[in-house]
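The values are calculated or read from the model by the stated rules, or taken from the named source; none is laboratory data. Please read these numbers as outputs of a predicted model, since none were measured by experiment. Here the Cβ positions follow ideal geometry from the backbone for every residue, glycine too, while neighbour counts run over all protein chains shown.
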Amino acid sequence: MTEREMREEMPNLNKIRPTKNLTMWHVYIIRCRDTKLYTGITNNLDRRLTEHNTGHGGRFTRVRRPVKLVYSETLISKSTALKKEAAIKKLTRKEKLDLVKTS
């Protein structure tokens, strides 16, 4: 969803943060080479996936490369993204795979 579409959908967004400083956050799930799932957040999804695939994304994914993006969701604030990440991390593997299938 583009910034313009978000502002049209949520007119009060202008009251939250000025347009030029709007930073979108992404909650994402990646599937590792060994089929394990990793959930995280970032404000730059392309950069973060590159980090995971080059061994700079964290210990968990470093030894499980390559990784593939299987789910992402764009949110309007870091706080919202952190809450969504926590909710996803509480899901069972089956529930996470169902989330991936429905996206």
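Yes or no: Met24 of a type outside the set (Phe, Trp, Tyr), in contact with a strand residue (DSSP E or B) (Cβ under 9 Å, 6 or more places away or on another chain) and at pLDDT below 95? Before the answer, list the steps.
Details: of a type outside the set (Phe, Trp, Tyr): yes; in contact with a strand residue (DSSP E or B) (Cβ under 9 Å, 6 or more places away or on another chain): yes; at pLDDT below 95: no.
Taking the combined requirement at face value, the residue does not satisfy it.
Please specify each residue of the range 66-97 satisfying the condition of being assigned to a helix (DSSP H, G or I), among the acidic types (Asp, Glu) and in contact (Cβ under 8 Å) with a residue 12 or more places away in the chain. Outline the logic, then answer.
Step one: list which residues in the range 66-97 are assigned to a helix (DSSP H, G or I), which gives 78-89, 93-97.
Okay, now just the ones that are also among the acidic types (Asp, Glu), so 85, 95.
Answer for the range 66-97, where residues must be assigned to a helix (DSSP H, G or I), among the acidic types (Asp, Glu) and in contact (Cβ under 8 Å) with a residue 12 or more places away in the chain: just Glu85.
State all residues of the range 30-60 that are among the small types (Gly, Ala, Ser) and either part of a helix (DSSP H, G or I) or without any contact (Cβ under 8 Å) to a residue 40 or more places away in the chain (or both); if no residue qualifies, say none.
Start the filter on the range 30-60 by keeping residues that are among the small types (Gly, Ala, Ser), which leaves 40, 55, 57-58.
Of everything in the range 30-60, those that are among the small types (Gly, Ala, Ser) and either part of a helix (DSSP H, G or I) or without any contact (Cβ under 8 Å) to a residue 40 or more places away in the chain (or both) turn out to be Gly55, Gly57, Gly58.
Somewhere in the range 73-87, is a residue crowded, with 18+ Cβ neighbours inside 10 Å and among the small types (Gly, Ala, Ser)?
Yes, that holds for at least one residue.
Please work out if Asn43 is polar (S, T, N, Q), at pLDDT 95 or above and farther than 17 Å from Ser103 by Cβ.
yes
Out of Val63, Val27, Val100, I need the residue that is loosely packed, with under 15 Cβ neighbours inside 10 Å and in contact (Cβ under 8 Å) with a residue 60 or more places away in the chain. Which one? Spell out how you get there, then give the answer.
On the way: Val63 fails: in contact (Cβ under 8 Å) with a residue 60 or more places away in the chain; Val27 fails: loosely packed, with under 15 Cβ neighbours inside 10 Å.
Of Val63, Val27, Val100, the one residue that is loosely packed, with under 15 Cβ neighbours inside 10 Å and in contact (Cβ under 8 Å) with a residue 60 or more places away in the chain is Val100.
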